[in-house]
Amino acid sequence: MGIENIVTMKTGVHPENYRLVAFKDMSNDDVFITKSTAEAKENITVDGVEYPLIKVEISRTSHPFYTGKTKLIDTAGRIDKFKNKYKKFDKQEKKEE
C-alpha cells in the first residue's frame, strides 16, 4: 500500500467545542467526566482540574434499572407539586362528608 492510498479525515465535520465535561447526578451527587458538546453555565473542579458542569436529575448511578432499586428519589418535587395542585379537591370531599 503506497502513500497515495492513505485516506485523511474530512475537516470541518466535527464540532469545535467537543471537550471533557463533568456531569453531576443531583440525586446522589455522583460526578462523572466524559466528552460532550453540551453548553454549560457552571464549572466544577474535580481532582484539581476545572470542567464545565452539566447537572442531570438521573444517571446510571441513580436510575432504578441500573441500581436494581425500584424506588426513585423525587428530586424535582413532582410529588409535592401534584399534592398542592389537587389539594383543593381533597378539601371539597371533606366538606361534603
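The values are calculated or read from the model by the stated rules, or taken from the named source; none is laboratory data. This structure is a prediction, so every number in the text was calculated from the model and none was measured. For accessibility, only protein heavy atoms count, side chains too; no ligands or nucleic acids. Shrake-Rupley method; radii C 1.70, N 1.55, O 1.52, S 1.80 Å.
Could you give the length gained on full extension between residue 5 and residue 87, defined as 0.36 nm per residue of separation minus the Cα-Cα distance, in nm?
22.3 nm
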Order 90, 30, 25, 80 by their accessible area, 1.4 angstrom probe, all chains in place, largest first.
80, 90, 30, 25
How much of residue 8 can a 1.4 Å solvent probe reach, expressed as accessible area in Å² and rounded to 10?
110
